Amino acid sequence: MGKLGTLGARLHHGEIGYDFVKNRKLWYGISILITITAIVGLAVRGLHMGIEFQGGAVFTTPKNMSASVSQTETWAEEASGHDAIVQKLGDGSLRIQIAGTDTEASDRIKEELSKDLDVPAERINADLVGPSWGDQIANKAWQGLGIFMVLVVIYLAIAFEWRMALAAFVALIHDITITVGIYALVGFEVTPGTVIGLLTILGYSLYDTVVVFDSLKEQTRDITKQTRWTYGEIANRSINSTLVRSINTTVVALLPVGGLLFIGGGVLGAGMLNDISLSLFVGLAAGAYSSIFIATPLVADLKEAEPQMKALKKRVLAKRAQAAAAGVPAENAVDEERYADDETDEDPENPDDAAPAVVGPRNQPASRNRGRGRPSGKRR
């Protein structure tokens, strides 16, 4: 944990880092490949809609049934002619779901199951679910998703700017598409719990994105008044400074969700947990990925297309080329400019009240800025 904390501090202060923005084309390519795979899976396999959306019958047997889940599923499919989903509940009873079943067919299936399970028909509880209820849930979910997206874009456009709002919107669509596509590929049943999970991951995904955007907004204040960094370089520093925090929050969120998915749904066989836990698990992972590899690099692309940012980038590169021609390493040139800024901003009577740098945290310890090509002693 101490090493992780030290790594986070070094990332935050810019002492080390990975160039996410420079390699953005690679991340875009990976995301496009994953998204295409998800869309193809959705188009080919489709979603396995639950009985709440298709309509059908749900049969519940008495407690402590000796019949196995697989055998009961075979009997239910033979009796109905449709696919059946059988779950064993905690009290030993069986819950049998059969889609596309009306009242007449439900009575016949109930009689067949009572013979196969050797249980009186009156002790098997049958409930019919109409597809109209599922349609209402789906419509409400789409309405909620649309309202959420509109509010998110408006808020981010006001709190930050429209480019960040657009990047966050693209990242959210990216997360939803991947999650839905994986649902289709895995074949898990889509239930109201799935819809709840999909709506929940939007908040998690947006949280990581806003954390990076807030750091980026702070570090790019008055960016055109300096010639140290381009917008893309500062965007990359923002990602690195919040990287450990994003990883920590994502891992902490994934651990309990992973317990629901792999232990609750896989080991213990509680299939009812799969519908919500899979959407949360995939969505959380996709949200963390998109906030780091998609949203912020996309903002950098949009911003660097502006005339002001193009001019800034030209000035930065020209200054570095001039320093290189003079035989001064780029790192030293940056440090010298910081030294000059510190002399301008520092109060000679009270050096502790020195003004902070306008753009980004310092990249090197203060000791490295002392005595570079200058005599020792009091600054002039």
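For (1) within 36 Å of the chain's Cα centre (by Cα); (2) among the aliphatic types (A, V, I, L, M); (3) over 30 Å from T101 (Cα atoms), each residue gets a yes or a no:
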{"position": "S31", "(1), (2), (3)": "yes, no, yes"}
{"position": "L42", "(1), (2), (3)": "yes, yes, no"}
{"position": "G50", "(1), (2), (3)": "yes, no, no"}
{"position": "P62", "(1), (2), (3)": "no, no, no"}
{"position": "M65", "(1), (2), (3)": "no, yes, no"}
{"position": "E73", "(1), (2), (3)": "no, no, no"}
{"position": "E78", "(1), (2), (3)": "no, no, no"}
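Assess whether A79 counts as being open to solvent by less than 80 Å² (accessible area, probe 1.4 Å), farther than 30 Å from N236 by Cβ, modelled with pLDDT under 85 and part of a helix (DSSP H, G or I).
Details: open to solvent by less than 80 Å² (accessible area, probe 1.4 Å): yes; farther than 30 Å from N236 by Cβ: yes; modelled with pLDDT under 85: yes; part of a helix (DSSP H, G or I): yes.
Taking the combined requirement at face value, the residue satisfies it.
What pairs can you find where one residue is in the stretch 181-206 and in contact (Cβ under 8 Å) with a residue 24 or more places away in the chain, the other is open to solvent by less than 60 Å² (accessible area, probe 1.4 Å) and among the hydroxyl-bearing types (S, T, Y), and their Cβ atoms are less than 6 Å apart, with a gap of 6+ or different chains?
Hits for this filter: T194/S279; G197/S279; L198/S279.
Kindly indicate which of F59, F20, F53 is touching a Ser or Thr at 6+ places or on another chain (Cβ under 9 Å), among the hydrophobic types (A, V, I, L, M, F, W, C) and in a strand (DSSP E or B).
Within the list F59, F20, F53, the selection yields F59.
Any residue that is among the polar types (S, T, N, Q) and either open to solvent by less than 30 Å² (accessible area, probe 1.4 Å) or on the phi > 0 side of the Ramachandran plot (or both) - is there at least one of those in the stretch 137-150?
No - not one qualifying residue is present in the stretch 137-150.
Assess whether K22 counts as being open to solvent by 40 Å² or more (accessible area, probe 1.4 Å), in contact (Cβ under 8 Å) with a residue 60 or more places away in the chain and under 19 Å from D118 (Cα atoms).
Answer is no for this residue.
Quick one: in the stretch 216-235, of everything that is in a helix (DSSP H, G or I) and open to solvent by less than 20 Å² (accessible area, probe 1.4 Å), which residue is farthest from F20 (Cα to Cα)? First the steps, then the outcome.
First pass over the stretch 216-235, keeping only residues in a helix (DSSP H, G or I): 216-219, 223-225, 231-235.
Right, trim to open to solvent by less than 20 Å² (accessible area, probe 1.4 Å) and you get 216, 219, 223, 231-232, 234-235.
On the way: L216: 14, Q219: 17, I223: 20, Y231: 13, G232: 10, I234: 11, A235: 9 Å.
Ranking the candidates gives I223 first.
Each row is one residue, and each column tells you yes or no for (1) over 30 Å from A168 (Cα atoms); (2) modelled with pLDDT under 90; (3) open to solvent by less than 60 Å² (accessible area, probe 1.4 Å).
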residue	(1), (2), (3)
L284	no, yes, yes
S291	no, yes, yes
L298	no, no, yes
A325	yes, yes, no
V328	yes, yes, yes
Y339	yes, yes, yes
D347	yes, yes, no
D353	yes, yes, no
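I'd like to verify a number: residues in the stretch 158-189 that are among the acidic types (D, E) and in a helix (DSSP H, G or I), how many? Show your work before the answer.
Narrowing the stretch 158-189 to residues among the acidic types (D, E): 161, 175, 189.
Remaining after also requiring in a helix (DSSP H, G or I): 175.
So the count comes out to 1.
Answer with yes or no whether V252 is within 18 Å of Y18 (Cβ to Cβ), hydrophobic (A, V, I, L, M, F, W, C) and either without any contact (Cβ under 8 Å) to a residue 24 or more places away in the chain or surrounded by fewer than 20 Cβ atoms within 10 Å (Cβ to Cβ) (or both).
On the way: within 18 Å of Y18 (Cβ to Cβ): no; hydrophobic (A, V, I, L, M, F, W, C): yes; either without any contact (Cβ under 8 Å) to a residue 24 or more places away in the chain or surrounded by fewer than 20 Cβ atoms within 10 Å (Cβ to Cβ) (or both): yes.
Answer is no for this residue.
The values are calculated or read from the model by the stated rules, or taken from the named source; none is laboratory data. Note that the structure is a prediction, hence the values are computed from the model and not measured. Note that we place each Cβ from the backbone using ideal geometry, even for glycine, and neighbour counts take in every protein chain shown. Note: accessible area is taken over every heavy atom of the protein model, side chains too, but ligands, DNA and RNA are not part of it. Shrake-Rupley method; radii C 1.70, N 1.55, O 1.52, S 1.80 Å.
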